[in-house]
1. Among the residues that make up the range B:80-99, is at least one of them surrounded by 18 or more Cβ atoms within 10 Å (Cβ to Cβ) and more than 14 Å from every other protein chain (Cβ to nearest Cβ)?
2. Considering only residues of the range B:46-67 that are within 14 Å of chain A (Cβ to nearest Cβ) and under 21 Å from B:Glu217 (Cα atoms), which is surrounded by the fewest Cβ atoms within 10 Å (Cβ to Cβ)?
3. Restricting to the range A:108-138, what's the tally of residues that are among the small types (Gly, Ala, Ser) and crowded, with 23+ Cβ neighbours inside 10 Å?
4. List the helices (runs of 4 or more DSSP H) that sit entirely inside the range B:118-194 and contain at least 3 residues that are of a type in the set (Gly, Ala, Ser).
5. Between residues in the range B:188-214 that are within 14 Å of another protein chain (Cβ to nearest Cβ) and residues that are of a type in the set (Val, Ile, Thr) and outside any helix (DSSP H, G or I), which pairs lie under 6 Å by C-beta distance while being six or more apart or on different chains?
6. Here are some residues: A:Leu115, A:Leu87. Which one is touching an Asp or Glu at 6+ places or on another chain (Cβ under 6 Å) and either within 30 Å of B:Ala45 (Cα to Cα) or more than 7 Å from every other protein chain (Cβ to nearest Cβ) (or both)?
7. Restricting the search to the range A:170-194, which residues are under 21 Å from A:Ala84 (Cα atoms) and in contact with a Ser or Thr (Cβ under 6 Å, 6 or more places away or on another chain)?
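The values are calculated or read from the model by the stated rules, or taken from the named source; none is laboratory data. The structure displayed is predicted, hence computed values, not measured ones. FYI the Cβ positions are ideal-geometry reconstructions off the backbone, even for glycines, and counts take in every protein chain you see.
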Amino acid sequence: MTAVSSTTNSRIKFYKLPWNWIATGGYLSFMLLIPTIALFLRAGTDKNFWAVATSPIALSAYDVTFVTALIASLFNGVFGTLIAWVLVRYDFPLKRLVDAAIDIPFALPTSVAGLTIATVYSPNGWIGSLLTPFGIKVAFTRLGVGVAMVFISLSFVVRTVQPVLQEMPKEVEESAWSLGASKSQTFFLVILPSLLPAIFTGVALGFARAVGEYGSTVIVASNVPFKDLIAPVLVFQRLEQFDYSGAAVIGCVMLIISLIMLLIINLLQAWGSKYDDR
Amino acid sequence: MTIAKEKSTTERKPLPKVQIALIAMALIYIALVIFIPAINVFTQAFKNGFLPFFSNFADPDFRSAIQLTLLIALVSVPINTAFGLCAAWAIARNRFPGRALVISILDLPFSISPVVAGLMIMLLYGRQGWFGSFLERINLKIVFATPGIILATAFITLPFVAREVIPVLEEMGSEQEEAARTLGADDWQIFWRVTLPNIRWGLLYGVILTNARAMGEFGAVSVVSGNIAGKTQSLPLFVEQAYKQYQTQAAFSAAVLLGLLAVVTLIAKAIVEQKTQIKEVE
């Protein structure tokens, strides 16, 4: 009796839900939840999960992917902050054009980015030809993967640091100067600490993007295992060999790392907004 | 008065040498990473004049790639616009438990690798997938065909519209909508006459970003498409294929079209940003 009334109750509740809730929930489940569950189930039911996830080729692919992405995003942490600083604080010719160019990596399709980076940094390309005399090879090496990752993730740092720098009250700096702090002291002791949450958020966003990047890196790299083969390419190769389980296991490892990154980014953003309130 | 005073102090203070050095470093970095590769796309495509570029249009695979790319955008952008509005409305106008979680789930496609997104679609609709045998029985091809490509694109571009519209809806508040309701307007009228005019720039911004990503998506599409030239090869896939086969001219001719898409996207973005800024000042 109670069971019957509770089901009718829930049915009434379901019909009372506005149609846009049903549409949103339905679309989200269909597009995101069910596919994610399918991936976890496929990988989780694989008896060889650990063997595949920690096979030497997979470990080397994680190494190339995560270490290169980390170096690329830290590099952008420094230079992205510098670019944001220059764009906010200084005036120079064609500044608006430079500012707009920062968005190119967002707008340019990744395969085009890969194509042009591979060409420019190839031994007879514009930049590559300048580096060959020094014995530096960029295209089709791990360094090339790094350059592609730098390209892909630069915008994130600039675009997260820029607004924070813009809204920073001038009075704080001026009082530091008036108390006798030098230019560099003012920057490193006063300005930089309040920029740190934004810088770390930008670096984390860029890192997450670089780790998952496929289009530009697959074209720039030679995709040789144990040399410059990245994890997304490994997933792709497994699928090409119809090894769905193997692809699912490595894909699952990448998904878990993406979820952890998402969590870290949310925490960093919470830290940044706390700074705002103070 | 105060503005003039502030300006004079900032202009007097900075050390020009340091300033010039910093600007130079920033510009060199941007040039190496962004400017030179971007300019290279256009110079490589037209280095032998415009004729090789136009002669590529004679290639049926090239034309089919352009058509497929347009079709992908034509289907996936409206679907995600409609859904994005729906989701933004549900999230911005209601407070419910798990709201933050729903927003995080909505953001998933931004942090998942495109290849993993494609893999998920394979695991559901591929031959070995959950629905694989069912799809085979009803003779519906999703994977290695256009529906799968559109599905993958819709997955990747899902968050853009909702992400841009939610903050605008929240800022707008619901007072105007409630006023319209008390005056007897129905949901549809409220949406078209009150809400849409208020959120139009945010919505347009989201649509521009969705379209750019939909036309340019490579990773997810390349997993599910099978990359059959003339059939399931979109323009970004054509670029890679041509480059791999040492048809550099064809690769750059396709790349320059996608480069133009990026330029148009950036200009449209700048226009919308300017419009919204002007509105804020008013």
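1. Here is the first cut: in the range B:80-99, the ones surrounded by 18 or more Cβ atoms within 10 Å (Cβ to Cβ) are B:80-81, B:83-92.
Now drop any that are not more than 14 Å from every other protein chain (Cβ to nearest Cβ), which leaves none.
No, that holds for no residue.
2. The selected residue is B:Ile66.
3. Looking only at the range A:108-138, we keep the residues that are among the small types (Gly, Ala, Ser), and these are A:111, A:113-114, A:118, A:122, A:125, A:128-129, A:135.
Then drop every residue that is not crowded, with 23+ Cβ neighbours inside 10 Å, which leaves A:111, A:113-114, A:118.
The qualifying residues number 4.
4. Working: elements: B:132-137, B:146-156, B:159-172, B:175-182.
Fully inside the range B:118-194 and qualifying: B:146-156.
5. These pairs meet every condition: B:Thr210/B:Thr157; B:Arg213/B:Thr157; B:Ala214/B:Thr157.
6. Details: A:Leu115 fails: touching an Asp or Glu at 6+ places or on another chain (Cβ under 6 Å).
Residue meeting the stated conditions: A:Leu87.
7. Listed by number, the list holds a single entry, A:Glu173.
Conditions (1) under 15 Å from the mean Cα position of the chain (by Cα); (2) surrounded by 20 or more Cβ atoms within 10 Å (Cβ to Cβ); (3) free of Cβ contacts under 8 Å to residues at least 60 places away in the same chain, marked per residue:
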| residue | (1), (2), (3) |
| --- | --- |
| A:Phe156 | yes, yes, no |
| A:Thr186 | no, no, yes |
| A:Leu189 | no, no, yes |
| A:Ile199 | yes, yes, no |
| A:Ala210 | yes, yes, no |
| A:Ile219 | no, yes, no |
